[in-house]
Amino acid sequence: MSLCSLVMASGVAYFDDVRVSLEVADTPINEDNIESAEHLGEQIQHSSKSSVVVAGNVRELLECPVCLNAMYPPIHQCSNGHTICSGCKPRVHNRCPTCRHELGNIRCLALEKIAASLELPCKYESFGCIGIYPYYCKLKHEAQCMYRPYNCPYAGSECTVVGDIPYLVNHLKDDHKVDMHNGSTFNHRYVKANPHEVENATWMLTVFSCFGQYFCLHFEAFQIGMAPVYIAFLRFMGDDSEAKNYSYSLEVGSNGRKMTWQGVPRSIRDSHRKVRDSYDGLIIQRNIALFFSGGDRKELKLRVTGRIWREQ
């Protein structure tokens, strides 16, 4: 019997099957729970059941009253029938947030059954995704959807703006006043009056337009352990699969010496902090940076040159 037949059937046989396939410990949603739900959704996807048009009130039934996110198995309920997701159950100290009755370990198998029959549009539909997905596959798709918006790549602020690439480019230019340059080569000069104040270093970002794409050049001071350093790296304004089509090089030096770096730009899907803390870029120790700066070694004067190219 197909899963869809089970969904439409009634009686003990269905609930026994659901208990076997979905029963997990009373813990917050984790990867195991999601994988179990995805497996069930994949079975539905291969069935011949047509898409279900979901009314707004049905979607509301599947919304956790605490976190307001969609609920996935195990879905819990109190003795009065109020539901809550497994992630929020321990947060409310096993008390129903609606009626304050004890939650216990009651599963809402009926609601799980309804969820298993649903097919929903991606939540990024407004960004261009036209896919319709079984309820239990939807979460995995949305985590990887190519239409999901990007976070603002500007570092050094708590900017919460999200959007597609054209929107973010205009946002960086208009709201963050970043430097915009055309071309695949660059020659930047970074000056700081007191380079010893590493923790107060200014965040710097430059956006380059070349090959029909946009790239973000970061340069900043931070510390590796107790050692003050500077780092320069490039991020690609797009997904990682596209970023791998490009390479870049950075060079800094003076007095007959130079340091070079060659790498692949990281996607802005990876946060600025994640890239920086992985040391994936040109790292310059402060004493070397001051040596390159010349003079009395009390002022940072670094010239960073670079090039971006497309791999064949």
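Applying the selection to region 134-153, what residues are touching a strand residue (DSSP E or B) at 6+ places or on another chain (Cβ under 8 Å) and at pLDDT 90 or above? Within region 134-153, 141, 149, 150, 151, 152, 153 qualify. Flag set for residue 103, criterion: over 27 Å from residue 143 (Cβ atoms) and crowded, with 19+ Cβ neighbours inside 10 Å. Can you confirm whether residue 276 is in contact (Cβ under 8 Å) with a residue 24 or more places away in the chain, surrounded by 14 or more Cβ atoms within 10 Å (Cβ to Cβ) and under 17 Å from the mean Cα position of the chain (by Cα)? For residue 276, the condition - in contact (Cβ under 8 Å) with a residue 24 or more places away in the chain, surrounded by 14 or more Cβ atoms within 10 Å (Cβ to Cβ) and under 17 Å from the mean Cα position of the chain (by Cα) - is met. It is to be established whether one or more residues within region 231-243 are farther than 18 Å from residue 188 by Cα and of a type in the set (Ser, Thr, Tyr). Looking through region 231-243, at least one residue is farther than 18 Å from residue 188 by Cα and of a type in the set (Ser, Thr, Tyr). Criterion applied to 124, 136, 147 was being in contact with a helix residue (DSSP H, G or I) (Cβ under 6 Å, 6 or more places away or on another chain) and either without any contact (Cβ under 8 Å) to a residue 40 or more places away in the chain or at positive phi (or both), and the one residue passing it is 147. The set of residues from region 120-153 being crowded, with 19+ Cβ neighbours inside 10 Å and within 30 Å of residue 80 (Cβ to Cβ) comprises 120, 134, 135, 136, 138. Could you please let me know if residue 126 is at pLDDT below 90 and outside any loop (DSSP other than H, G, I, E, B)? For residue 126, the condition - at pLDDT below 90 and outside any loop (DSSP other than H, G, I, E, B) - is met. The selection criterion, being within 28 Å of residue 274 (Cα to Cα), crowded, with 16+ Cβ neighbours inside 10 Å and in contact with a Leu (Cβ under 7 Å, 6 or more places away or on another chain), holds for residue 178.
The values are calculated or read from the model by the stated rules, or taken from the named source; none is laboratory data. These numbers were taken from a predicted model, which means no experiment stands behind them. As a convention, Cβ positions derive from the backbone with ideal geometry for all residues, glycine included, and neighbour counts pool all protein chains shown.
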